[in-house]
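Enquirer: First, the structure itself, so that you have it in front of you.
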């Protein structure tokens, strides 16, 4: 077992926190959609890492850390979901919103965000992770533990599904 | 539908552009340092795991040793204390020496008593115990053989004591030998004068 100075270990870990904390926050936020929850997930992920030694052997630092915080965020996701409004209720609200009370563009964005939240997890997760600028489809595949080709397929399916739902609601409005 | 794709990308970018509150790194490192102090003070999860493992091993060893001792049949204090008293029927009867005559009378009267006891069924355990002591084999001579050899306290110089000793079971030869020894001890001892001749 590798044993060294605790202060040296702490300094080494501090460097990782400085480099990757914000990136990890974005990964967590993409799933949780709440700043407080995302910060808590980041802290929990870093603490889990610090208790072990796996962080000293990571080959792809970004993918490894993204996977760690993603798992923590997944555990917290149900709690965050409880705070979200019902998607179906939001659809009704958006459909009934008058142009006078909201800007049209703002209403579309709100509606689309709710439609994304209403996607199945297998489609929503690769879509939101792929949108994070720093992450390639290969890294998304590592985080989710699925092949890279599957990530691309699911992203395309997610976009198609969103377009179908969004168009249908626009027609109703 | 180019507008939709632009709209979707814009929404996704907004979500991913979210920023944490200032000082996230400092907060994370504060918790990490607190965790590090726990490790250094010996209360880290790894040390607790070791301590609990050692405690468990000690418990297993103690349980195994207790089981081994009990399996070997060695007496356990709690077992002895909790053991039910053995039936009095099986216990050896402790008898105090009784006079020969009285014993003989009892022996004579027991024939009738036994027959009477065989006819009457007695359930009481205490009564059974009393009868069990009566069923034991009786001594042919009294006192017992082990007591017979010990004659030193019985012999005197008078003829009456001699007879009493013989009546108690000592053989006449033993009595005579003991009397001879006692009389020899009473005679005065002559010590010859010691003469030391000068050296030549």
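Enquirer: Residue A:28 - would you say it is at pLDDT below 85 and within 11 Å of the chain's Cα centre (by Cα)? Full working, then the answer.
Expert: Working: at pLDDT below 85: no; within 11 Å of the chain's Cα centre (by Cα): yes.
So residue A:28 does not fit the description; no.
Enquirer: Name the residues in the range A:139-163 that are surrounded by fewer than 18 Cβ atoms within 10 Å (Cβ to Cβ) and at pLDDT below 90, would you?
Expert: A:145
Enquirer: For residue A:100, indicate whether it is part of a helix (DSSP H, G or I) and either at pLDDT below 85 or within 14 Å of another protein chain (Cβ to nearest Cβ) (or both).
Expert: Details: part of a helix (DSSP H, G or I): no; either at pLDDT below 85 or within 14 Å of another protein chain (Cβ to nearest Cβ) (or both): yes.
No, not satisfied.
Enquirer: Failed condition for residue A:125, given (1) modelled with pLDDT of 90 or more; (2) within 14 Å of chain B (Cβ to nearest Cβ); (3) buried (at least 18 other Cβ atoms within 10 Å of the Cβ), with all others met?
Expert: Here residue A:125 meets the rest and fails (1).
Enquirer: I need a count of the residues in the range A:31-70 that are surrounded by fewer than 15 Cβ atoms within 10 Å (Cβ to Cβ) and away from chain B (no Cβ under 13 Å).
Expert: 6
Enquirer: Find the residue count for the range B:16-38, including only residues that are assigned to a loop (DSSP other than H, G, I, E, B) and more than 7 Å from every other protein chain (Cβ to nearest Cβ). Before you say what the answer is, go through the steps one by one.
Expert: Pass one, the range B:16-38, residues assigned to a loop (DSSP other than H, G, I, E, B): B:17-23.
From what is left, the residues that are more than 7 Å from every other protein chain (Cβ to nearest Cβ) are B:17, B:19, B:22-23.
Going through the range B:16-38 one residue at a time, the tally reaches 4.
Enquirer: The conditions are (1) under 17 Å from residue A:143 (Cα atoms); (2) within 9 Å of chain B (Cβ to nearest Cβ), and residue A:10 fails exactly one of them. Which is it?
Expert: (1)
Enquirer: While we're looking at this one, here's another question. Could you tell me whether the range B:1-10 includes any residue that is within 9 Å of another protein chain (Cβ to nearest Cβ), closer than 30 Å to residue A:125 by Cβ and modelled with pLDDT under 70?
Expert: Looking through the range B:1-10, at least one residue is within 9 Å of another protein chain (Cβ to nearest Cβ), closer than 30 Å to residue A:125 by Cβ and modelled with pLDDT under 70.
Enquirer: Take the residues in the range A:13-30 that are surrounded by fewer than 19 Cβ atoms within 10 Å (Cβ to Cβ) and facing another protein chain (nearest Cβ under 9 Å), then tell me which one is farthest from residue B:28 (Cα to Cα).
Expert: Per the stated criteria, the residue is A:22.
Enquirer: Can you report the number of residues in the range A:154-168 which are more than 11 Å from residue A:112 (Cβ to Cβ), more than 10 Å from every other protein chain (Cβ to nearest Cβ) and touching a helix residue (DSSP H, G or I) at 6+ places or on another chain (Cβ under 9 Å)?
Expert: 4
The values are calculated or read from the model by the stated rules, or taken from the named source; none is laboratory data. Small disclaimer: the values here were computed from a predicted structure and weren't measured. Note: ideal-geometry Cβ built from the backbone for every residue, glycine included; neighbour counts use all protein chains shown.
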